[in-house]
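Right, one structure below, let's go through it.
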Amino acid sequence: MQTVVNGKPLVYLDNSASSQVPQVVIERGSKYLREEHSNIHRGVHYLSQRATTAFEGAREKVRRFINAREARECIFVRGCTEGINLVMHGYGRKFVSEGDEIVVSEMEHHANIVPWQMLCEEKGARLRVIPMNDAGELLLDEYEALLNERTKLVCVMHVSNALGTVNPIKEIVARAHKQGVPVLVDGAQAAPHLKIDVQDLDADFYIISGHKMFAPTGSGVVYGKAELLERMNPFLGGGDMIRTVTFEKTTYAGLPNKLEAGTPAIASQIGLGAAIDYLNSLDREAAHAHEQELLRYATEKLTAIEGVRIVGTAREKVCVVSFTIEGVHPHDVGTILDQEGIAIRAGHHCAQPVMQHFHIPATARASFAFYNTKGEVDRLAGAVAKCVEVFS
Ligand code: C6P
């Protein structure tokens, strides 16, 4: 269906916020609601068993998608924010004490800063920050110098939502492991664009949000190595996560249930399984090459417009183009582009420290998916040129 905005066909360039949902994914979620709707794990009846099979089938699809060893290492959560908070509560509160240190990076999304700050405040621990250069690349030597016997966890994003930078996660993990420090990777922006292999990366935790990878909102996954997840405390207490309950004591279920209290977002997680099927049906290498070509083309076209500055010029990027226009506030850019039927995001992208690094309040951000086209880049560039004209 072609949506028309302000009389013009919509160009959707806000994929980093939420990507569009393919018809087959919508159909799969609807099928559950129409034919299988029922609670999981609890019922002996037909519908509950069908729902459970579909839900656990989605977990197995996630396992294969990220190459986890076992499905029980994939914990369903409502998104990346909940996932990071789950690790903070379950792992951080148990293993971080006064005087310990947690390492994050300067380019993190607030979801990978604020929970750790809350933990540090509670425990009397200290947050250390990996700096970046003006291209938006992390400084690895400075990173390594931050690691010491007090470091309890490194928390780094795989791909930056504000800059598009692809971080050298395998190297970051290896350097932390040399010091015996586990690493949590925020994979929210990587999963839609890159092939994820948690065993190859050797990540201890890897977290994704379904709605950024063509699945419905309310879906997401915390991958964790089984031995770490087993040592963690539950995040939420309640039904489905227990083995026995008496008023004296509760014993917990095994993985993954221990970390999944209550009724989950069943339709959304089944939708995530369908989105993974959809992604697997694409030639992902060709899709990646197409996105890289869009990145090159969009960067070239926007850079050619007077007053436009690209923020985030790392050597390794996904197709995210953040920019400013001299003398024009990014929110005005967003509004003018919307009048042209073009959806971008304007703001700090929940990454205020990135804005502080570049001494700007905000950027305009065009973020692409495999379904975007060069024609849409042309419309973006035309509308940006119009902005410059209007404000000059
Ligand atoms: N970034 C963006 O427009 P949730 O909202 O829980 O699904 O994901 C949070 C999150 C965590 N990490 C990264 C790297 C992210 O990009 C996001 C969400 C959106 O950039 C909304 S702020």
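The values are calculated or read from the model by the stated rules, or taken from the named source; none is laboratory data. Note that the structure is predicted; figures quoted are calculated from it, not measured. So basically every Cβ, Gly included, is an ideal-geometry build from the backbone, and we count neighbours across all protein chains shown. Protein only, heavy atoms only, side chains kept; ligands, DNA and RNA dropped before computing areas. Shrake-Rupley method; radii C 1.70, N 1.55, O 1.52, S 1.80 Å.
Of all the listed residues (Val87, Val44, Val11), the sole one being in the same structural domain as Val320 (by TED's automatic domain parsing) and either open to solvent by 50 Å² or more (accessible area, probe 1.4 Å) or touching a residue at least 60 places away in the same chain (Cβ under 8 Å) (or both) is Val11.
It is to be established whether one or more residues within segment 342-355 are in a helix (DSSP H, G or I) and open to solvent by 30 Å² or more (accessible area, probe 1.4 Å). Scanning segment 342-355, I find at least one residue that is in a helix (DSSP H, G or I) and open to solvent by 30 Å² or more (accessible area, probe 1.4 Å), so the answer is yes.
Of all the numbered requirements in (1) within 12 Å of the ligand (Cβ to nearest atom); (2) assigned to a helix (DSSP H, G or I), Pro216 misses one, and that requirement is (2). If I ask for residues that are over 18 Å from Tyr371 (Cβ atoms), open to solvent by 30 Å² or more (accessible area, probe 1.4 Å) and touching a Gly at 6+ places or on another chain (Cβ under 9 Å), which ones from segment 14-39 would you list? Once the filter is applied, which keeps residues that are over 18 Å from Tyr371 (Cβ atoms), open to solvent by 30 Å² or more (accessible area, probe 1.4 Å) and touching a Gly at 6+ places or on another chain (Cβ under 9 Å), segment 14-39 yields only Arg28. Criterion first (within 16 Å of the ligand (Cβ to nearest atom) and under 30 Å from the mean Cα position of the chain (by Cα)) does Ser38 satisfy it? Judged against the criteria, Ser38 is not a match. Is it fair to say Glu293 is at pLDDT 95 or above, open to solvent by 70 Å² or more (accessible area, probe 1.4 Å) and not small (Gly, Ala, Ser)? Judged against the criteria, Glu293 is not a match. The residues of segment 242-264 that are crowded, with 20+ Cβ neighbours inside 10 Å and either hydrophobic (A, V, I, L, M, F, W, C) or part of a helix (DSSP H, G or I) (or both), listed by number, are Lys258, Leu259.
Here Glu106 meets the list (1) farther than 24 Å from Gln179 by Cβ; (2) within 15 Å of the ligand (Cβ to nearest atom) almost entirely, failing just condition (1). Kindly indicate whether Thr324 is open to solvent by less than 30 Å² (accessible area, probe 1.4 Å) and of a type in the set (S, T, N, Q). Taking the combined requirement at face value, the residue satisfies it.
Yes or no: Leu119 in contact with a Lys or Arg (Cβ under 7 Å, 6 or more places away or on another chain), more than 16 Å from the ligand (Cβ to nearest atom) and either open to solvent by 10 Å² or more (accessible area, probe 1.4 Å) or modelled with pLDDT under 95 (or both)?
Values: in contact with a Lys or Arg (Cβ under 7 Å, 6 or more places away or on another chain): yes; more than 16 Å from the ligand (Cβ to nearest atom): yes; either open to solvent by 10 Å² or more (accessible area, probe 1.4 Å) or modelled with pLDDT under 95 (or both): no.
So Leu119 fails the test.
Return the only residue of Leu228, Leu279, Leu272 being surrounded by 22 or more Cβ atoms within 10 Å (Cβ to Cβ), touching a Pro at 6+ places or on another chain (Cβ under 9 Å) and not polar (S, T, N, Q).
Values: Leu228 fails: surrounded by 22 or more Cβ atoms within 10 Å (Cβ to Cβ); Leu279 fails: surrounded by 22 or more Cβ atoms within 10 Å (Cβ to Cβ).
On inspection, the qualifying residue turns out to be Leu272.
Which residue is nearest to the chain's Cα centre (by Cα), if the candidates are limited to segment 72-84 and must be within 13 Å of the ligand (Cβ to nearest atom) and open to solvent by 30 Å² or more (accessible area, probe 1.4 Å)? Step by step, filter segment 72-84, then rank; the result is Thr81.
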